[in-house]
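Structure record follows, encoded as structure tokens.
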């Protein structure tokens with residue numbers, strides 16, 4: 001189902017806030033009344049979304065309003081430290097629906113062309129293509145629809161990758177590098193899923209192809225996550241850029257503890 005991962009986003013946000021609880025407890029309370037214009041803008045945006053019947057605007061207003069209330073009550077430092085967890089609420093929005101069927105056409109064409117090329121040239125399985133339709137040797141057509149373009153995997157994988165990159169690395173370019181791997185990995189894994197469907201149909205029939213269509217996506221998703229973890233480990237080991245552990249106490253501090 002589209003945006004089914006959106007139901008998990010509030011749980012993830014709550015978990016990240018709990019993870020940052022010590023940092024939040026150490027925030028110095030300050031005057032956050034300078035954030036009042038942000039709260040006013042959030043209320044205006046929500047009213048505009050209500051009048052125009054655009055819940056996406058109200059969702060953005062919810063993020064801005066919540067963040068500004070944190071700033072007013074606990075200060076701007078707390079507002080800054082909670083900005084990243086709260087911004088993840090954007091993944092509650094149906095981003096893949098906003099892209100639409102026409103917006104996914106390049107992804108669908110790429111997947112169709114790559115699957116046909118792999119089947120014909122590497123696997124010697126005859127596959128014909130007309131646009132986003134693939135025809136096997138049994139004259140059966142497989143339409144690569146918008147839902148099969150890989151856009152849903154890109155959105156869900158992007159959310160997880162952003163969390164992993166921010167929590168693991170400090171340098172912006174390493175974070176950006178890990179996040180940039182999301183789209184190519186999702187595209188490659190989607191092509192792998194479609195190719196597995198072609199192989200299953202030729203080897204075991206239509207029922208096997210349908211089974212691969214329904215369940216093999218979990219396998220490719222695990223492959224994408226594994227590749228991201230390996231890339232992150234390599235980056236962390238190459239420059240030791242992972243989050244540092246606190247330094248050991250000095251000798252005087254050690255004796256004092258005894």
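The values are calculated or read from the model by the stated rules, or taken from the named source; none is laboratory data. Only a predicted model underlies this, so the values are computations on that prediction, with no experimental measurement involved. Heads up, the Cβs are rebuilt from the backbone with ideal geometry, glycines too, and the neighbour counts pull from every protein chain shown.
Only residues that are in contact (Cβ under 8 Å) with a residue 40 or more places away in the chain and over 16 Å from the mean Cα position of the chain (by Cα) were counted in the range 186-208, giving 9. Does residue 71 satisfy being at pLDDT 85 or above and in a helix (DSSP H, G or I)? In short, no. Residues in the range 186-200 include at least one that is more than 20 Å from residue 123 (Cβ to Cβ), outside any loop (DSSP other than H, G, I, E, B) and in the same structural domain as residue 125 (by TED's automatic domain parsing).
The rows are residues; the columns are (1) over 29 Å from the mean Cα position of the chain (by Cα); (2) in contact (Cβ under 8 Å) with a residue 40 or more places away in the chain; (3) surrounded by 13 or more Cβ atoms within 10 Å (Cβ to Cβ).
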position	(1), (2), (3)
107	no, yes, yes
111	no, yes, yes
119	yes, yes, yes
124	yes, no, no
129	yes, no, yes
142	no, yes, yes
146	no, yes, yes
150	no, yes, yes
155	no, yes, yes
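On inspection, residue 183 does not qualify as surrounded by fewer than 19 Cβ atoms within 10 Å (Cβ to Cβ), in contact with a helix residue (DSSP H, G or I) (Cβ under 7 Å, 6 or more places away or on another chain), under 24 Å from residue 91 (Cα atoms) and free of Cβ contacts under 8 Å to residues at least 24 places away in the same chain.
Tell me yes or no: at least one residue of the range 39-51 is surrounded by 13 or more Cβ atoms within 10 Å (Cβ to Cβ), assigned by TED's automatic domain parsing to the domain that holds residue 13, closer than 20 Å to residue 9 by Cα and touching a residue at least 24 places away in the same chain (Cβ under 8 Å). Scanning the range 39-51 turns up no residue that is surrounded by 13 or more Cβ atoms within 10 Å (Cβ to Cβ), assigned by TED's automatic domain parsing to the domain that holds residue 13, closer than 20 Å to residue 9 by Cα and touching a residue at least 24 places away in the same chain (Cβ under 8 Å).
Kindly establish whether residue 78 is within 18 Å of residue 28 (Cβ to Cβ), modelled with pLDDT of 80 or more and surrounded by fewer than 16 Cβ atoms within 10 Å (Cβ to Cβ).
no
Among the residues of the range 167-176, those identified as touching a strand residue (DSSP E or B) at 6+ places or on another chain (Cβ under 9 Å) and part of a helix (DSSP H, G or I) are 168, 175.
Scanning the range 219-258 for residues that are farther than 23 Å from residue 169 by Cβ and at pLDDT 85 or above returns 219, 220.
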